[in-house]
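Written out below as structure tokens is the structure these notes cover.
Rule-based calculations on the coordinates, nothing more; no lab input. Note that the structure is predicted; figures quoted are calculated from it, not measured. So basically every Cβ, Gly included, is an ideal-geometry build from the backbone, and we count neighbours across all protein chains shown.
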Amino acid sequence: MESALQRKRMVDRYIRLRGVRSPTVLAAMEAVPREAFLPPDLAELAYEDRALPIGAGQTISQPYIVAVMIEALGLEGHEDVLEIGTGSGYAAAVLAEIARHVYTIERHAELAEGARQRLAALGYHNVEVRCGDGTLGWPEHAPFGAIVVAAGGPDLPHTLLEQLAIGGRLVMPVGTGRAQELVRVTRVGDAEYRREDLGAVVFVPLIGAHGWVETEEPDRGVWPLRNPGPLRAESPASRPAVVAKLVAECAEPIARIEEAPVDQLLDRIGEARVVLLGEAS
């Protein structure tokens, strides 16, 4: 019961108030116990709106981003969905609450097996987990009504675009280094796609044949391309601009302090340890 109350509070405070409107996405976020997808020592942080480590150098995404990406897919409930980057299985569980079937790929064997056991134990029988290179997709089950990629790539992998059904949507972060844009692509014809940019994000790199080459220096902020093209890595001088863009995407303006929604603001602040207002942001 306490977990259910915490989930509802998380959805109300961090997701609904920030603009996610899909009733099915909000209900799915309320239904999935996020603490079950975290290491035991981090369970108390499950309903804070933050990414958390899950092992193998990977993270579980913050709830708001999970909700935004899934809402962007526009699921109606009849779709087969492909997820790249299973992690601990949290987003796959949220997807499984909405979609007909979820196929999810994780390149780290220990995470894939852990997610498989966790999802089965929680009764998510409409999820299938594979350990492998997510940039290759899962052609045996294509086409997919939706594809979501929980890692940032240098470009949209043609392998995934080809596995998208006509009318389907693909959502993934794209960009060099730490400067990424959340992109939604809708397939409108056999060789026709419509692209939309949804905002700045930061994700772990998409490693694979059609992504980045794995490096022994994961904290460099830039990963070399497997097949270098016209993309260029960000320079140190450009990083303040990237940070400013990220803040601008997340910040909410208060035109006049007398008109600020103080009650809603205090409710969202809750037990947060750090709050940024004004120039502190």
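With no solvent and one point per C-alpha, what does the Debye sum give as log10 I(q)/I(0) for the stretch 60-141 at q = 0.18 Å⁻¹?
-0.69
Quick one: longest stretch of the chain between exposed loop GluC sites (Glu not before Pro), exposed meaning at most 14 other C-beta atoms within 10 Å and loop per DSSP?
77-213
Tell me the Kirkwood radius of the stretch 2-280: reciprocal of the mean inverse pair distance over distinct alpha-carbon atoms, in Å.
Kirkwood radius, the stretch 2-280: 19.5 Å.
Distance from the Cα centre of the stretch 1-74 to that of the stretch 102-181, in angstrom?
Between the Cα centre of the stretch 1-74 and that of the stretch 102-181, the gap is 19 Å.
Using 1/(1 + (r/R0)^6) with R0 = 45 angstrom and r between the beta carbons of residue 274 and residue 193, what's the FRET efficiency to the nearest 0.05?
0.65
What net charge do the residues around residue 69 carry, taking every other residue with its C-beta under 14 Å from that of residue 69, with Lys and Arg at +1 and Asp and Glu at -1?
Here the charged neighbours net out to -2.
Hey, if you put +1 on the Cβ of every Lys and Arg and -1 on every Asp and Glu Cβ in the chain, which of 204, 36, 124 ends up farthest toward the positive end of that dipole?
Value: 204.
Given the chain, what percent of its DSSP beta bridges are antiparallel, to the nearest 5? Don't jump to the answer; show the numbers that get you there.
On the way: 19 of 40 bridges.
Once the DSSP bridges in the chain are tallied, antiparallel ones form about 50 percent.
Along Cα→Cβ, 7 Å out, is where each label goes; now give me the distance between the ones at residue 251 and residue 6 in nm to one decimal.
Each label point lies 7 Å from its Cα, and together they span 3.3 nm.
Taking trypsin sites (Lys or Arg not before Pro) as exposed when DSSP calls them loop (any state but H, G, I, E, B) and at most 16 other Cβ atoms lie within 10 Å, what is the longest stretch of the chain free of them, the sites themselves excluded? Could you put the intermediate results ahead of the total?
Values: sites that count: 21, 50, 100, 220, 226, 232, 256, 273.
Result for the longest clean stretch: 101-219.
Which helices of the chain meet both criteria: a Cα extent of 15 Å or more along the helical axis and a mean Kyte-Doolittle score no lower than 1.6, with helices taken as whole DSSP H segments?
Flagged H segments are 63-73.
Count the net charge of all other residues whose Cβ sits under 15 Å from the Cβ of residue 141, scoring Lys and Arg as +1 and Asp and Glu as -1.
-4
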